[in-house]
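The values are calculated or read from the model by the stated rules, or taken from the named source; none is laboratory data. Remember, predicted model here, so these are calculated numbers, not experimental data. When we count neighbours, we look across all protein chains shown, and the Cβ atoms used for this are built from the backbone with ideal geometry, even at glycine.
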Amino acid sequence: MDTPSSPPIRVLLADDHLVVRAGIRQFLELGGGIDVVAEAGDGAEACRLIEEHLPDVAVLDVQMPAMTGIDVTRWMRSRGLKSGILILTAYDDEPYIQAVLRAGANGYVLKTAGPNEIAQAVRDVFAGKVVLDAALAMKLISKPPAPVSLIEPLTERETEILSLAARGLTNKAIGARLTISDRTVQNHLAHIFGKINAASRTEAVMRAVSLGLIEPPEG
């Protein structure tokens with residue numbers, strides 16, 4: 001008897017270039033398992049369509065008319081929307097990366113990445129993983145770290161949880177690994193964010209790696 005397949009990942013795609021959207025849509029849907037349910041040409045339209053369709057993942061460019069991808073990300077998180085957010089852009093400037101991570105995005109990938117990499121990034125964000133372009137990750141963690149003395153030390157349990165988060169484990173998976181509840185993992189992450197002045201899981205992982213508090217995730 002055949003096992004029912006999982007429903008496709010529902011994606012909203014926002015980019016102000018129609019040709020770019022068409023290309024991204026084509027290769028996202030080509031491999032199966034991903035369905036682009038809506039497209040937006042600017043940030044305001046993206047917000048309207050996100051509210052209407054409640055996609056699993058919103059794929060956003062940084063620079064768009066009306067509202068930037070950063071603005072849309074802040075808008076989504078301020079409303080408590082649970083959709084994953086993947087920034088797909090040509091901009092590799094550090095201020096953009098930091099702003100997006102602080103706003104609450106789950107991933108940041110450059111348009112120079114291959115089609116398979118971008119499609120996998122969508123799947124990873126849907127799975128609750130941290131996604132950051134490899135070149136950008138190296139760029140961030142190679143910066144001289146801030147003095148560790150300015151940061152309240154992490155407990156052994158917090159370090160353990162953050163290391164597992166860096167490997168892409170979801171709160172549920174971390175809880176199962178450590179035999180604690182999802183809520184306990186969430187509480188630990190909230191304490192970690194406060195200690196290292198991070199606004200999101202992605203930013204916390206990158207900052208902790210840059211400070212030498214945890215090992216860089218493989219790959």
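Given the conditions (1) more than 25 Å from Gly31 (Cβ to Cβ); (2) among the small types (Gly, Ala, Ser); (3) in contact with a Leu (Cβ under 8 Å, 6 or more places away or on another chain), and given that Ser78 satisfies all but one, which numbered condition is not satisfied?
Tallying (1) more than 25 Å from Gly31 (Cβ to Cβ); (2) among the small types (Gly, Ala, Ser); (3) in contact with a Leu (Cβ under 8 Å, 6 or more places away or on another chain), Ser78 fails exactly one: (3).
I need the full set of residues from the range 14-36 which are buried (at least 19 other Cβ atoms within 10 Å of the Cβ) and either in a loop (DSSP other than H, G, I, E, B) or of a type in the set (S, T, N, Q) (or both), in order please.
Asp15
Return the residues of the range 86-141 that are in a helix (DSSP H, G or I) and of a type in the set (D, E, K, R); say none if nothing qualifies.
If the condition is that a residue be in a helix (DSSP H, G or I) and of a type in the set (D, E, K, R), then Glu94, Arg102, Glu117, Arg123, Asp124, Lys139 are the ones that fit.
Filter the range 128-144 down to residues that are at pLDDT below 75 and either loosely packed, with under 14 Cβ neighbours inside 10 Å or under 19 Å from Ile118 (Cα atoms) (or both), then give me how many there are.
8
From Ala58, Ala99, which residue is under 22 Å from Arg123 (Cα atoms) and either assigned by TED's automatic domain parsing to the domain that holds Val122 or of a type in the set (D, E, K, R) (or both)?
Answer to the selection: Ala58.
With respect to the numbered conditions (1) surrounded by fewer than 17 Cβ atoms within 10 Å (Cβ to Cβ); (2) of a type outside the set (S, T, N, Q); (3) touching a strand residue (DSSP E or B) at 6+ places or on another chain (Cβ under 8 Å); (4) under 19 Å from Ala134 (Cα atoms), which one is the sole condition not fulfilled by Glu94?
Condition (3) is where Glu94 drops out.
Kindly indicate which of Pro55, Pro65 is surrounded by 19 or more Cβ atoms within 10 Å (Cβ to Cβ) and in a loop (DSSP other than H, G, I, E, B).
Pro55
What pairs come up if the first residue lies in the range 71-94 and is over 20 Å from Gly114 (Cα atoms), the second is hydroxyl-bearing (Ser, Thr, Tyr) and crowded, with 17+ Cβ neighbours inside 10 Å, and their beta carbons are under 9 Å apart, counting only those six or more places apart or on different chains?
Met76/Ser83; Arg77/Ser200
In this structure, is Arg25 basic (Lys, Arg) and under 17 Å from Leu86 (Cα atoms)?
Yes: the conditions hold for Arg25.
Table: residues versus (1) modelled with pLDDT of 90 or more; (2) assigned to a helix (DSSP H, G or I); (3) within 30 Å of Gly31 (Cα to Cα); (4) among the polar types (S, T, N, Q).
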{"position": "Leu154", "(1), (2), (3), (4)": "no, no, no, no"}
{"position": "Arg157", "(1), (2), (3), (4)": "yes, yes, no, no"}
{"position": "Glu160", "(1), (2), (3), (4)": "yes, yes, no, no"}
{"position": "Ala165", "(1), (2), (3), (4)": "no, yes, yes, no"}
{"position": "Leu169", "(1), (2), (3), (4)": "no, no, yes, no"}
{"position": "Ile174", "(1), (2), (3), (4)": "yes, yes, yes, no"}
